[in-house]
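Laboratory data are not the source of any read-out in this text; all were calculated from the coordinates shown. This structure is a prediction, so every number in the text was calculated from the model and none was measured. Please note: Cβ atoms are built from the backbone with ideal geometry, for glycine as well, and neighbour counts cover all protein chains shown.
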Amino acid sequence: MASIIFKNVYIKDEESIVGPYEKEGNINFANYVKDLYGTEKTFENCEIKMQRWVFDNVLRKNNLKDKDVGIVVGGDLMNQLTATSYNMKNYDIAFLGVYSACASFVEAMIVTANLLDTRFFKRGIVITSSHNLSSEKQFRFPVEYGCLKPKRATFTATGAVASLLTNEVSRIKVESATIGKVIDLGIKDPFHMGAVMTPAAALSIYEHLKDLKRDASYYDVILTGDLGEVGAKILKDYMLENYHIKLKNHLDAATLLYRESQETFAGASGPVALPLVLFNKILKEKKYKKILIVGTGSLHSPVMCNQKNPIPAIAHVVSLEVGL
Amino acid sequence: MKKEEYKKIVKKHTPKENRLVNALTSFVMGGLFGILAQAVTDLYRYWFNLTIADATTWMLITFIFLASLLTALGIFDRLVTYFKSALIIPITGFAHSMTSAALDYKSDGMVTGLGANCFKLAGSVILFGIISAFILVIIGVIIYG
C-alpha cells in the first residue's frame, strides 16, 4: 500500500516557460525563449536560466520572499540534477533534489505535499525543467549529429515549470497520491521509451485505483506524462489484458504538445511535458473536475544500455480535484 | 504478464520503418554523390593539370570541408533526414561526426572538452578501419604475393 490521502494541500499558482518548438506547437504559451540558447552561451545555462525565471516569477506573483517558502523540491534530467541545483544556489530556501527521470515532477509534488500535509511547512515550491539539446547531449549523440531516428523515438521538450503548493484553500486540491514501483519488462531499445514506461504507468494506475477502491471512470481524465503515440496505444491494450481495466478517459501529454507537422516522431518527452500540458491546457480548459496525473520515467543510463541491459521504469500518480 | 507477451503487444503497435524506401534513397543518392565526386575529380585534373591521385585528394578535402561547414551552419543534420545514409557512409559522414562532436564539446574547454570528445563517434571508425585494412593487406599479400 503506497497510496497517501492528503487533507489540506492545494496548488496555488504556477509558472511555465517553453522553448521555440513548444511555442510553435498545439498549445498557446505566453512565455518562451526565442532560441535554444536563450541569450546564454551554453544549453545547460539556458536550462538554468529558464528555471530561475519561472521560480522568480512564482515568488514575485505571490509576493513571497525566500523566508516565506518552507521547502523546494525539484529535479531535471541532467547528471547531478545540474539545472535544479545550480538554480537553487540563488535562493536561501531548504531544497531537496529528486530524480525519477520524466516522473520527477510528480515525485517532487508527492514529497512536497507530504511535508505540507504534516503542517511542518506552510508553502512549498515544486520545480522541474528539461532542455532538448542538453538531454540529447547527455543521453544520445552530439547535438548537430544527423542521427536518423525511428518513428517510435520521442523528442525531449524544452521548458521549465514551477508550481506553488500551500495549505491555504484554492481551486486545485492535491487529493491523493500513489508512489510507484520500479518495473522492467525486458525492453532494451533506448529509442522506444513508450514501451519501456507503459508497464510502470499501468501498474501505478492499477495500484492507485485498487488502494483507493475507485473505478477508472471515477476520473474525468487520466493524463499520462510522456508515453507518446506508440506508448499510449500500448497502454490501452496492456491495461485491458493485464489488469482488465478499460481506459476510456486517457490522454497523453506527449501527444498534445506538438503539431503533427513538427518532426517530433512519437511526441514529446521530459519531465516538463506533463506539467506544461496540465497547467496550460487541461486546467485552462476547465472541463475536468477529477484529474489523475501519471508521471512516467524511464530510469535508463546510457552505460547500462551499451552493456545490453533492459531498461527499468517508474511511474508516480497524483490525483487532483478542481473546483470549477 | 510475461515479458514475451508484452513484447507481442509492443510489436503490434510499433510503427514500421520504411526500410526499402530508406535503402533505395541511400543507394540512389549515394550513387549520385559518387558521380558528383568523380566529376569534381575530373574537373580538378582538367583545370589544374593534376594527377589522378592528387585530384582525388583535393576532391576529398573539398567534400570534408563542405560537410564540416554545413554541420557548423546546422544544415547537415537536416540534409541527412532527406538523403539518409547517402551522406553518412561516405567521408562526409566521417567529417560530420567529428565536427558535430567538436562543436558540442567546445564549451567544455579545449583539452577536457573538444580534444577529449572530438573522436567520440569517429574513434571506432578509425580503429576498426585500420584493423580491417591491416588484415586485408595481409590476406592480399598471401594471395597475390
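Some observations on this one:
- Translational D in µm²/s for segment A:36-77 (Stokes-Einstein at 4 °C, 1.567 mPa s, Kirkwood Rh from C-alpha pairs): 111 µm²/s
- Distance from segment A:184-225 to segment A:82-104 (C-alpha centre basis), Å: 26 Å
- Charged side chains reduced to their Cβ positions (Lys and Arg at +1, Asp and Glu at -1) give the protein assembly as shown a dipole of some 1020 debye around its Cα centre.
- C-alpha center-to-center spacing [segment B:1-27, segment A:17-46] in angstrom: 33 Å
- Alpha-carbon Rg/Rh ratio, for segment B:3-144, with Rh computed the Kirkwood way: 1.08
- Treating each Cα of the protein assembly as shown as an identical point scatterer and summing with the Debye formula, the log10 of I(q)/I(0) at q = 0.06 Å⁻¹ comes to -0.32.
- Of every Cα-Cα pair in segment A:172-322, the percent that sits beyond 27 Å: 18 percent
- Restriction of the trypsin sites (Lys or Arg not before Pro) in segment A:267-324 to DSSP coil positions whose beta-carbon has at most 16 other beta-carbons within 10 angstrom yields A:LYS286, A:LYS287, A:LYS289, A:LYS308.
- Dipole-positive endmost among A:ILE187, A:VAL126, A:ALA177 within chain A (Cβ charges, Cα centre): A:ALA177
- Assuming charge only on the beta carbon of Lys and Arg (+1) and of Asp and Glu (-1), the dipole of segment B:3-144 about its Cα centre is about 680 debye to the nearest 20.
- Choice from B:LEU50, B:LEU121, B:LEU20 with maximal GNM fluctuation in chain B (Cα, 10 Å cutoff): B:LEU20
- Taking all Cα pairs closer than 8 Å and separated by 6 or more residues, the relative contact order of chain B comes to 17 percent.
- Crossing angle, helix B:91-105 versus chain B [Cα axis fit, 0-90 degrees, rounded to tens]: 70 degrees
- Size of electric dipole in segment A:172-322: Cβ of Lys, Arg +1 and of Asp, Glu -1, about Cα centre, debye, nearest 20: 400 debye
- Helices meeting the span-like rule in chain A (full DSSP H runs, Cα extent of at least 18 Å along the helix axis, mean Kyte-Doolittle score of 0.5 or higher): A:104-117.
- Shown here for segment A:14-71: GluC sites (Glu not before Pro) in loop regions (DSSP other than H, G, I, E, B) with at most 12 other Cβ atoms within 10 Å, of which there are none.
- Sparse packing (at most 11 other Cβ atoms within 10 Å of the Cβ) combined with a DSSP loop state is found for the following trypsin sites (Lys or Arg not before Pro) in segment B:1-94: B:LYS2, B:LYS16.
- Given charges at Cβ of Lys, Arg, Asp, Glu: the protein assembly as shown dipole, positive-most of B:VAL10, A:LEU209, A:PHE105: A:LEU209
- Each of A:ILE11, A:PRO142, A:ALA157 was scored by the projection of its Cα onto the charge dipole of chain A, and the greatest displacement toward the positive side belongs to A:ILE11; charges sit on the C-beta of Lys, Arg, Asp and Glu.
- Long-range HN-HN contacts of A:ASP76 with modeled amide H, under 5 Å: A:THR84
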